[in-house]
Amino acid sequence: MLLFAMGFLLAILQPSMGQFPRVCANTQSLLSKECCPSWDGDGSPCGELSRRGSCQNILLSQAPLGPQFPFSGVDDREDWPSVFYNRTCRCDGNFMGFNCGECKFGFSGVNCTERQVRTRRNIFQLTINEKNKFLAYLNLAKNIPSQDYVIATGTYTQMNNGSNPMFRDINVYDLFVWMHYYASRDTLLGGSNVWRDIDFAHEAPGFLPWHRAFLLLWERQIQKITGDENFTIPYWDWRDAEDCGVCTDEYMGGRHPTNPDLLSLASIFSSWQVICTRSEEYNSQQALCNATNEGPIRRNPGNNDKSRTPRLPSSADVEFCLSLTQYESGSMDKMANYSFRNTLEGFADPQTAISNPSQSGLHNALHIYMNGSMSQVQGSANDPIFVIHHAFVDSIFERWLRRHRPMLEVYPAANAPIGHNRENYMVPFIPLYRNGEFFKPSRELGYDYEYLQEPALQSFQDFLTPYLQQARQIWAWLVGAAVVGGIITAVLTGLIKACQKKKRGTSSEIQPLLIESEDYNNIAYQSNF
């Protein structure tokens, strides 16, 4: 029965979000540097006949970058995705997708005009059936090949500049593991040389928007392969936790009875194989991860280096982090002080916001605490705890956005580490998304968190607050305008009274009342306020 169900789901798969669209992973597309697939709905590239989008040149940001990456033209991810493609689909209205065949996050319907806001819930608040369904969806994604995306197994140079494509199939879950690896891998410089101080998804302003987009794409893919349009990622609220509450066979897998580094055989995740965990091997071979199986998930929660991560994060740590008013600061990397992003990511002390990379706080603390596959950046998404952990990190990001209500300009437009400026496209997503597009409240992207939902009155206040804050930013001009307006009004009033007085003194005519007093009392004043 399970095999039949999986076969049925394979038959109904729709386009997913990922890295290289299968229809563009060929010599013709690479040599022409164009990825503008046809939309099945009308057979035209990017659904142009249906006014969904059109094939356009990619507009790259020209803003200067920070000093962390002193090279140019040595990494395929520079000015993403221009090394591979310089023309892609630019979708109009509420359409999106590599061929404009889908709706933007938060929209649905045939013409993508229906607004939707789904709710992400605490994993411990799910019913048994809901929790089991979530686990089954994870396992299904691990066993279904992606129908629309493939991964690159070589660099553009190794592909002979496009004339020798190097791609391979991958399952849906591992597609996202590979994307996380690809965004954070080292730069291959030739020989045995690499550059490690580079990461397009971490240690810089894009950390939170990148993972927000990653989770939305992952969530969308699960909705598609299961046909469950209402699916949302649950989150694990780890504040003040004394141990790994989700590390049981009922949830994300318990501890193996004889090997504490492995998962219990009673967990479905004990049979999973990891990929992209051998970064040093890839570096020595000057190769990319090709998604070959590399062994079981490893996890030994709590047996980590206590000098680096003495405990799991507390509620006080989170509240202090939320009090920080600056999203980014200074060098805009892991050395940034008083940066909300750097403190939440875990490179700054959660009690002082002073950078201390030798310690791991908040987000990083959970990865180190798991003491296994989760603890190595490039392969951390292999452990399914990654998803529910990052969902909660995203909820803290959402709390900060709602509390401080920053304008888009708060996100750095220039001088951030490579790939992290506001207008940079996120590596390695195709279709293309800019960092700034996900620096906005979650409800504008079609989802909310159960523990953050507010009553109607608060929602009305949320509606008014952005306008009040914008007014606050221009208060000096408003006050000045009011003073000038008052002076002008006083002058005009004086002139009018003087004219009236002069008129009464030169005319003996008595003007009749415009209305009788009894009619006057019946007048209803209306305001357009």
Notebook entry, point to check: Within the set Lys104/Lys224; Lys142/Lys224; Lys133/Lys224; Lys104/Lys440, which residue pairs have Cα atoms separated by over 21 Å?
Noted result: none
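At a 1.4 Å probe radius, carbon and sulfur cover how many percent of the accessible area of region 169-253? Write out the running numbers ahead of the final one.
Details: 860 of 2340 Å².
In region 169-253, the share of accessible area belonging to carbon and sulfur is 37 percent.
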Notebook entry, point to check: What is the spread of the Cα atoms of region 50-143 along each of their three principal axes, largest first, in whole Å?
Noted result: 52, 40, 27
Notebook entry, point to check: Per residue Cα convex hull volume for region 240-307, in cubic angstrom?
Noted result: 133 Å³
Item checked: All-pairs Cα distance distribution in region 27-89, expressed in whole percent, bin size 5 Å -> 4, 17, 18, 20, 15, 11, 7, 5, 3, 0
Checklist line | By accessible area with a 1.4 Å probe, ligands and nucleic acids excluded, highest first: order of Ile368, Ile388 | finding: Ile368, Ile388
Next item on the list: Do me a favour and compute the ellipsoid semi-axes for region 108-149 from its Cα gyration tensor, root of five times each eigenvalue, largest one first, whole Å.
Entry: 24, 21, 7
Checklist line | Relative contact order [Cα under 8 Å, 6+ residues apart], region 201-298, whole percent | finding: 15 percent
Notebook entry, point to check: For Leu215, what charge total do you get from the other residues with a beta carbon under 11 Å from its beta carbon, if Lys and Arg give +1 and Asp and Glu give -1?
Noted result: +1
Note to self: Sequence gap at least 6, Cα distance under 8 Å: using those rules, report the relative contact order of region 31-135 to the nearest whole percent.
What the structure shows: 27 percent
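Over region 355-417, what is the relative contact order in percent, taking alpha-carbon pairs closer than 8 angstrom and at least six residues apart? Please report the intermediate quantities before stating the final value.
On the way: 22 pairs, mean separation 10.5, N = 63.
Worked out over region 355-417, it gives 17 percent.
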Note to self: Not counting ligands, DNA or RNA, and with a 1.4 Å probe, what is His390's accessible surface area in Å² rounded to the nearest 10?
What the structure shows: 10 Å²
Notebook entry, point to check: In the full protein assembly as shown, how much of Met407 is accessible to a 1.4 Å probe, in Å² to the nearest 10?
Noted result: 80 Å²
Notebook entry, point to check: Going by a ≥ b ≥ c, the root eigenvalues of the Cα gyration tensor, does region 117-260 fall in the rounded group (a/c under 1.5), the prolate group (a/b larger than b/c) or the oblate group?
Noted result: prolate
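What order do Arg443, Arg115, Arg341, Arg308 take when sorted by accessible area (1.4 Å probe), most exposed first? Walk me through the numbers before you get to the answer.
Numbers: Arg443 70, Arg115 125, Arg341 0, Arg308 90 Å².
Reading off the accessible areas and sorting them downward yields Arg115, Arg308, Arg443, Arg341.
If you place +1 on the Cβ of every Lys and Arg and -1 on the Cβ of every Asp and Glu, how big does the dipole about the Cα centre of region 118-205 come out, in debye to the nearest 20?
It works out to roughly 480 debye.
With viscosity set to 1.306 mPa s and temperature to 10 °C, compute the Stokes-Einstein D of region 274-329, Rh being the Kirkwood radius across alpha carbon pairs; µm²/s, no decimals.
On the way: Rh = 15.5 Å.
Translational diffusion coefficient: 103 µm²/s.
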Notebook entry, point to check: Cα gyration tensor of region 245-364, axes a ≥ b ≥ c as square roots of the eigenvalues: rounded (a/c below 1.5), prolate (a/b > b/c) or oblate?
Noted result: oblate
Item checked: Difference of contour (0.36 nm per residue) and Cα-Cα distance, Val110 to Thr292 -> 61.6 nm
Notebook entry, point to check: Just the accessible area for Val110, please: 1.4 Å probe, Å², rounded to the nearest 10?
Noted result: 130 Å²
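Tell me, Kirkwood radius of region 193-300 from alpha-carbon pair distances, in Å? Walk me through the numbers before you get to the answer.
Numbers: mean 1/r = 0.0582 Å⁻¹.
Over region 193-300, the inverse of the mean reciprocal pair distance is 17.2 Å.
The values are calculated or read from the model by the stated rules, or taken from the named source; none is laboratory data. Quick caveat, the model's predicted, so the values are computed rather than measured. Ideal geometry is used to build each Cβ from the backbone, glycine not excepted, and the neighbour counts take in all protein chains shown. When the accessible area is computed, the model is the full protein with side chains, heavy atoms only, and any ligands, DNA or RNA have been set aside. Shrake-Rupley method; radii C 1.70, N 1.55, O 1.52, S 1.80 Å.
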